[in-house]
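A.B. asks: Take a look at the following structure, please.
The values are calculated or read from the model by the stated rules, or taken from the named source; none is laboratory data. This one's a predicted model, so the numbers in the text were calculated from it and none came from an experiment. Cβ placement follows ideal geometry from the backbone for every residue including glycine, while neighbour counts extend to all protein chains displayed. Please note that ligands, DNA and RNA were not included when accessible areas were found on the heavy atoms of the full protein model with its side chains. Shrake-Rupley method; radii C 1.70, N 1.55, O 1.52, S 1.80 Å.
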Amino acid sequence: MQSLKEKIISEGRVISDGVLKVDSFLNHQIDPQLTFDMGKEFASYFKNKNVTKVLTLESSGIPPALTTAMELGVPMVFAKKQKPMTMKGDVWVERVFSFTKQIENEIHIGKSFLSTDDKVLIIDDFLAHGEAALGLASIVKQAGAEVVGIGIVIEKSFQEGGRKLKDAGFDVLSLARIKSLTNHTVEFIED
Ligand code: 5GP
């Protein structure tokens with residue numbers, strides 16, 4: 001997605017060889033038009049998969065997941081990292097290792113929001129080692145529903161997540177694929 005790549009080049013900051021900071025449009029401040037266009041791209045690619053629900057993980061997955069769900073005309077569900085007092089009873093729980101915080105978190109989804117006939121499109125902001133996407137996919141499986149695709153805004157292809165998701169048989173669309181972040185420079189894989 002050309003407009004996304006241009007935004008990464010102009011506003012992204014390489015924090016280290018493994019981490020990119022994009023707080024000005026994806027992870028803190030949000031660019032509404034760019035996020036809307038991401039939704040269009042995901043929806044167009046997965047439009048024949050009969051998606052019934054878009055699933056993501058709070059908080060940075062929510063904006064692109066929402067615009068994708070809007071475009072597909074289906075609900076969006078986000079997994080919660082904290083289990084609120086109001087979330088009682090039937091909850092799916094999975095343990096996910098957080099790349100940015102380097103700790104294991106529990107993620108929670110109310111059982112009433114996933115059913116056996118759901119066809120789920122997972123959306124997330126970044127793909128590093130695949131923990132978040134695989135954790136969400138594991139809950140979808142526990143619920144007896146089906147993952148029909150995974151959409152990622154920024155894939156760091158030099159980390160192992162992309163390969164893990166493809167090896168597991170998932171149809172993955174990444175809107176920007178980064179080959180390297182070395183020398184404080186973003187290098188993309190050209191499509
Ligand atoms: P994974 O679970 O694939 O190892 O990592 C993906 C998750 O970690 C994403 O949900 C994202 O929040 C965070 N993440 C991974 N790499 C980066 C990065 O380079 N920059 C930022 N801002 N977040 C990242």
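A.B. asks: By per-residue mean of other Cβ atoms within 10 Å, what is the highest-first order of 42-48, 4-10, 87-93, 171-177? Walk me through the intermediate numbers first.
C.D. replies: Working: 42-48: 17.3, 4-10: 15.7, 87-93: 12.0, 171-177: 19.3.
Per-residue mean Cβ counts within 10 Å order the peptides as 171-177, 42-48, 4-10, 87-93.
A.B. asks: What length, rounded to one decimal in nm, is gained on full extension from His184 through to Phe113, with 0.36 nm per residue of separation minus their alpha-carbon distance?
C.D. replies: Working: separation 71, 0.36 × 71 = 25.56 nm, distance 4.17 nm.
Computed gain between His184 and Phe113 is 21.4 nm.
A.B. asks: Kindly express, to the nearest 10 degrees and within the range 0 to 90, the angle between helix 32-45's C-alpha long axis and the longest C-alpha principal axis of the chain.
C.D. replies: The angle comes out near 70 degrees.
A.B. asks: Hey, another quick one. Take peptides 28-34, 135-141 and line them up by average Cβ neighbours within 10 Å, highest first, as a rough protection proxy.
C.D. replies: Working: 28-34: 13.0, 135-141: 20.7.
Descending mean neighbour count gives 135-141, 28-34.
A.B. asks: Can I ask one more? Nearest 10 degrees, 0 to 90: what angle lies between the long axis of helix 62-72 and the longest principal axis of the chain (Cα atoms)?
C.D. replies: So the inclination is approximately 70 degrees.
A.B. asks: Which residue fluctuates the most in the chain, going by a Gaussian network model with Cα springs under 10 Å, if the choices are Met85, Met38, Met76?
C.D. replies: Result for the chain, Cα springs under 10 Å: Met85 fluctuates most.
A.B. asks: Right, next: Ignoring ligands and nucleic acids, what accessible area does Lys164 show with a 1.4 Å probe (Å², nearest 10)?
C.D. replies: Near enough 50 Å² of accessible area.
A.B. asks: Next question. Report, by chain and number, residues whose modeled amide H sits under 5 Å from the one on Ser180, excluding near sequence neighbours (fewer than 5 apart, same chain).
C.D. replies: Distant-sequence amide H within range of Ser180: Glu187.
A.B. asks: If you don't mind, there's one more thing I want to ask. Could you work out the relative contact order of the range 73-115? I mean the mean sequence separation of Cα pairs under 8 Å and 6+ apart, divided by the number of residues, in percent.
C.D. replies: Values: 49 pairs, mean separation 18.5, N = 43.
Once divided by the residue count of the range 73-115, the mean separation gives 43 percent.
A.B. asks: Here is a further query. Pairs of Cα atoms under 8 Å, at least six residues apart: use those to get the relative contact order of the range 4-93, whole percent. Can you show the working numbers first?
C.D. replies: Numbers: 91 pairs, mean separation 20.0, N = 90.
Once normalised by length, the contact order is 22 percent.
A.B. asks: Please report how many Lys pairs in the range 44-154 have alpha carbons closer than 23 angstrom, counting only residues at least 8 apart along the chain or sitting on separate chains.
C.D. replies: Count of close lysine pairs: 29.
A.B. asks: Amide H to amide H, which residues 5 or more places from Val77 or on other chains are under 5 Å from it, using H placed in the peptide plane?
C.D. replies: Long-range HN contacts for Val77: Val54, Leu55, Thr56.
A.B. asks: Using only the alpha-carbon atoms, how far is helix 131-142 inclined from the longest principal axis of the chain? Give it as 0 to 90 degrees, nearest 10.
C.D. replies: Relative to the chain, helix 131-142 is tipped by roughly 20 degrees.
A.B. asks: Here's another thing I want to ask about it. What ranking, highest mean first, results for peptides 123-132, 50-59 when packing means the other Cβ atoms within 10 Å averaged over each residue? Numbers along the way, then the final one.
C.D. replies: On the way: 123-132: 23.8, 50-59: 21.0.
With the highest mean Cβ count within 10 Å placed first, the list reads 123-132, 50-59.
A.B. asks: Using θ = phi - 60° and the Karplus curve 6.51 cos²θ - 1.76 cosθ + 1.60, what whole-Hz ³J(HN,Hα) does each residue of the range 81-96 get, with Gly and Pro shown as x?
C.D. replies: 7, 9, 8, x, 4, 6, 9, 9, x, 7, 9, 7, 10, 9, 9, 10
A.B. asks: Next up: Please label the shape of the range 67-191 as rounded, prolate or oblate, based on the square roots a ≥ b ≥ c of the eigenvalues of the alpha-carbon gyration tensor (a/c under 1.5 means rounded; beyond that, a/b larger than b/c means prolate, else oblate). It would help to have the intermediate numbers written out before the result.
C.D. replies: Working: a/c = 2.12, a/b = 1.57, b/c = 1.35.
Since a/c reaches 1.5 and a/b is larger than b/c, the shape of the range 67-191 is classed as prolate.
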